[in-house]
């Protein structure tokens, strides 16, 4: 499954689109230090934290994309930091529902 296919198949909104990477798993975490240590490579990371630090952690972890759930918005600095690095996606659904929907497609 690729990031763009996820966006097309689920009620998700692309904030920016970068390389259409493959997604191997879903990862849920709102604590950046834990995500830095445990986010799997090529994961769709579901979180409610939409700032530039999230982009840095996702880049270090080599996540395929960041899915901001619960209807939250990425801040302007995050969108700018993500350019050329990682696809940002929004979901109005709760984190759990978003992660389960992604997981079912994988």
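The set of residues in the range 59-71 being surrounded by 15 or more Cβ atoms within 10 Å (Cβ to Cβ) and closer than 14 Å to residue 12 by Cβ consists of 64, 65, 66, 67, 68, 69, 70. Which residues, taken from the range 44-53, are within 21 Å of residue 7 (Cβ to Cβ) and either touching a residue at least 60 places away in the same chain (Cβ under 8 Å) or part of a loop (DSSP other than H, G, I, E, B) (or both)? Within the range 44-53, 48, 49, 50 meet the criteria. Within the range 11-35, the set of residues being at pLDDT 95 or above, more than 18 Å from residue 104 (Cβ to Cβ) and out of contact with any strand residue (DSSP E or B) (no Cβ under 7 Å at 6 or more places or on another chain) comprises 31, 32, 33, 34. Restricting attention to the range 19-37 and to residues that are in contact with a helix residue (DSSP H, G or I) (Cβ under 8 Å, 6 or more places away or on another chain) and part of a helix (DSSP H, G or I), the residue that is surrounded by the fewest Cβ atoms within 10 Å (Cβ to Cβ) turns out to be 36. When residue 41 is tested against (1) in contact (Cβ under 8 Å) with a residue 40 or more places away in the chain; (2) in a loop (DSSP other than H, G, I, E, B), only condition (1) is not met. For the range 59-75, which positions are assigned to a strand (DSSP E or B) and farther than 12 Å from residue 43 by Cβ? Matches in the range 59-75: 68 only.
Residues considered: 78, 56, 99. Of these, the only one that is part of a helix (DSSP H, G or I), buried (at least 18 other Cβ atoms within 10 Å of the Cβ) and in contact with a helix residue (DSSP H, G or I) (Cβ under 8 Å, 6 or more places away or on another chain) is 78.
The values are calculated or read from the model by the stated rules, or taken from the named source; none is laboratory data. Just so it is clear, the structure is predicted and the values come from calculations on it, not from any experiment. FYI the Cβ positions are ideal-geometry reconstructions off the backbone, even for glycines, and counts take in every protein chain you see.
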